[in-house]
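Worksheet for the structure shown next.
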Amino acid sequence: MYVGFIGELYLRALKALIIPLIVSSIISAIGNIDLSLSTKIGLRAILFYISTTICAVFVGIVLVISIHPGRVSDEKCEKVGSSKDVYTPDLLMDLLRNLFPPNLFQAAFETYKTMITPPDLKLEENQYLIEKYNISKGKLLPKYEWPISSEYVHSLNIIGLLVFAAALGVALAKLEEKGKPLLNVFVSLSDASMVITSWLIWISPIGILSLVASMMIKMDDFSIMLGQLGMYFLTVIIGLSIQGFLILPALYAIIVYKLPFRFMANMGQAIITAFATSTSSGTLPVTMSCLEERNGIDSRITRFVLPIGATINMDGTALYEAVAAIFIAQVRGISLSIGEIIAVSITATMASIGAAGIPQAGLVTMVMVLDVVGLPAEDVTLIIAVDW
C-alpha cells in the first residue's frame, strides 16, 4: 500500500479527467466537423474497431486450440475469490439500458445493473418450486426462476455519457451560429483538460513505477503463473503480442503506407500507462496527448474517435475472454464443437464492447461467455489469480 501510494494519487488524478475530457471532446469534435463528415469518420472508426476485435478473438481461439493449455497443466487449478451470478440476456439488456441513462449526474458515478438472487427454498411460499423442479438437497433452481431486481453499482457509465455527448454535439452542429456559444465552452473545457494532462505526464514515470512495483509485491505466489496457470498465461501473452506487435502495426502500414515504428515509439507513454493502470479510460488523456503533440494528428479526429475507442474497442479483453472460456472448458475436460467455438467468438466480441474500461471489468462479462457454452459462473475463479 505504501509503495503504491504515489501511483494511486497519479491514477486518481487521471480518472478525475475522464468525464470532463470525454464529454467535452466528443461534443467539441462533432460540433466542429461537418455532420456528413463526422458520420463518415464515425462509421469508419466503428468498422475498424469491430474488425480488429474479431481478429483478436480469432487469434486467441487459434492459439488456445493449438497450444491446449488446459491439458498441459500438471497441477489442478485452484479456485481463488468468488463469482457473481448473472444471466446473459440481462447483461446484454443492461448494456442497452446504460446507453440511455435517466440521470446524467448519476451516470457520472453509477451504472445500472440487473440483479438475480437464488430464492430461499426454506420459505413456505417457495415450496411449490421444490415440487415443480423436483429439487433435491444441494441442487439449485434454474436461473430463470430466480427473483429479479435492479440496483445502481458504483461505476462510471461511460457509454451513456458518450451517447449523450454525441447527441448534444449533433444538436449544436445543427444550430450553427445559435449553438456556437455553448460549443465554445466545451472546446475550452477540452483544451483545458489537455493542459492538465500535460502536467500529469511530467509525473507519470514516478506514478507508473509505483503502480507496477505495488502490483508485483501484491502477488502472493509468482509460481502460480509458472505452474498451475503457466501455459494459460503464456497463451494469452502470445496472443496479445501477435495482436499488438504484428497485426495492428501491419494494418497501420497497409492503410497509411508508412512504417509504424516511429508512430509506436511516440505512443510509448500511453502504452506504458495502460500497462501500469490496467484502465483504457484512465489512459485516455495520455493517449490524446501523445497523438496530438507527438504524432501530429488533428485534434478534431482524436477527440471524436478516441473516447469511442476507449469504450468499445477492447481487443485485449476480447482475446482474453475467448482464450479463458476455452481454457476453462479444457480444464473441465469438455470438448467444444465448432458451433460452440463460434458462439464463444461472437459472445467474446460483444462482451468486450460491454466491458467497462477499468481493471478486472472483463471478469464480469466473462460469465456471459462461459454461460454460452454451459460452464458455471464460479469457474471464473480459476483464472482470477493471474487476471492482472
Exercise. Which whole-number value in Å² is the accessible area per residue of the stretch 257-388, probe 1.4 Å?
Worked result: 38
Exercise. Hey, rough spin-label estimate for residue 251 and residue 154, points 7 angstrom out along Cα→Cβ, what's it come to in nanometres?
Worked result: 3.6
For this session: Name the shape class, rounded, prolate or oblate, that the alpha-carbon gyration tensor gives for the stretch 246-388, where a ≥ b ≥ c are the square roots of its eigenvalues, rounded holds for a/c under 1.5, and otherwise prolate holds if a/b is larger than b/c and oblate otherwise.
Result: prolate
Problem set entry | Distance (nanometres) between label positions extended 7 Å along Cα→Cβ at residue 386 and residue 198 | 4.3
For this session: Would you mind checking which residues have amide H under 5 Å from residue 115's amide H? H placed 1.01 Å from N; only 5 or more apart, or other chain.
Result: 149, 150, 151
Problem set entry | Radius of gyration and Dmax over the Cα atoms of the stretch 245-325, both given in Å | 13.3, 40
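Net charge near residue 264: determine it from the other residues with C-beta under 12 Å of the C-beta of residue 264, scoring Lys and Arg +1 and Asp and Glu -1. Display every interim value, and only then the final one.
Numbers: positive: 258, 262, 294; negative: none.
With Lys, Arg at +1 and Asp, Glu at -1, the net is +3.
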For this session: For the stretch 372-388, just list the computed ³J(HN,Hα) in residue order, Karplus coefficients 6.51, -1.76 and 1.60, θ = phi - 60°, integers in Hz, with x standing in for Gly and Pro.
Result: 4, 9, x, 8, x, 4, 5, 5, 4, 5, 5, 10, 4, 4, 10, 4, 4
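Sorting check: for 3-10, 275-282, which peptide has the highest mean count of neighbouring beta carbons within 10 Å, and how do the rest follow?
Values: 3-10: 17.2, 275-282: 21.0.
Peptide ranking by packing, descending: 275-282, 3-10.
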Exercise. Under the Karplus relation 6.51 cos²θ - 1.76 cosθ + 1.60, θ = phi - 60°, what is the ordered set of whole-Hz ³J(HN,Hα) values for the stretch 295-307, x standing for Gly and Pro?
Worked result: 9, x, 7, 4, 4, 5, 6, 4, 7, 8, 7, 5, x
Seminar exercise, completed: Length gained if residue 71 through residue 146 is fully extended, taking 0.36 nm per residue and subtracting the Cα-Cα distance, is 23.5 nm
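The values are calculated or read from the model by the stated rules, or taken from the named source; none is laboratory data. Worth saying up front: this structure is predicted, and the values here are computed from it rather than measured. Note that each Cβ is placed from the backbone with ideal geometry, even for glycine, and that neighbours are counted across all protein chains shown. Side chains included, ligands, DNA and RNA excluded: accessible areas come from the protein's heavy atoms. Shrake-Rupley method; radii C 1.70, N 1.55, O 1.52, S 1.80 Å.
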